[in-house]
Amino acid sequence: MKAYFGRRYMLSASHRLHSESLSAEENRAAYGKCNNPHGHGHNYVIEVLVGGPVAAETGMVVDLVALDAAVHRQVVDRFDHTNLNLDPLFEHLAPTTENLCKAAFELLKDALPGGELEYVRVEETENNFFQCYRA
């Protein structure tokens with residue numbers, strides 16, 4: 001039987017939604033006020049779900065302390081209190097929350113101390129969230 005363990009993390013980051021492949025007018029139409037040249041910020045909530053067998057020795061799917069260390073090292077420490085536009089991952093990619101969610105999934109999928117990454121969920125606001133699932 002497979003069991004699941006979920007954990008939430010918080011980080012604050014700013015971004016400007018802008019695509020170099022679009023004209024100024026197209027950027028304004030696509031991103032609206034989020035295309036503000038000065039950017040804006042969010043207090044993101046990142047949710048990670050890990051699945052796998054429950055280890056007989058520990059009774060756990062994944063070691064919580066080791067999971068926290070991996071998520072902080074790969075995602076939180078990298079993005080917290082930064083401008084996402086300046087991160088190399090977004091050099092040629094608009095730092096939308098969809099793309100942030102995909103990036104977090106990719107950074108974590110091979111870095112976990114146990115279990116399999118099932119999904120990453122990123123809450124941008126109380127109304128908007130984005131999820132990426134393991135294929």
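By the rule of a C-alpha distance below 20 Å, with chain neighbours fewer than 8 residues away ignored, the lysines paired with K2 are K109. Over the chain, DSSP H runs of length four or greater, each weighted -39,500 (n - 2.57), average out per residue to a 222 nm ellipticity of -6000 deg cm²/dmol. Shown in residue order for the range 102-115 are the 3J(HN,Hα) couplings computed by the Karplus curve 6.51 cos²θ - 1.76 cosθ + 1.60 at θ = phi - 60°: 4, 5, 4, 4, 5, 5, 8, 4, 10, 10, 6, x, x, x Hz (x for Gly and Pro). Peptides 82-88, 96-102, ordered by how many other C-beta atoms sit within 10 Å of their residues on average, highest first, read 96-102, 82-88. Report the far tail of the P(r) of the range 1-114, meaning the percent of Cα-Cα pairs longer than 25 Å. Cα-Cα pairs in the range 1-114 separated by more than 25 Å: 34 percent.
Rule-based calculations on the coordinates, nothing more; no lab input. Nothing here was measured: the structure is a model prediction, and the numbers come from that model. Backbone-built Cβ (ideal geometry, glycine too); neighbour counts: all protein chains shown.
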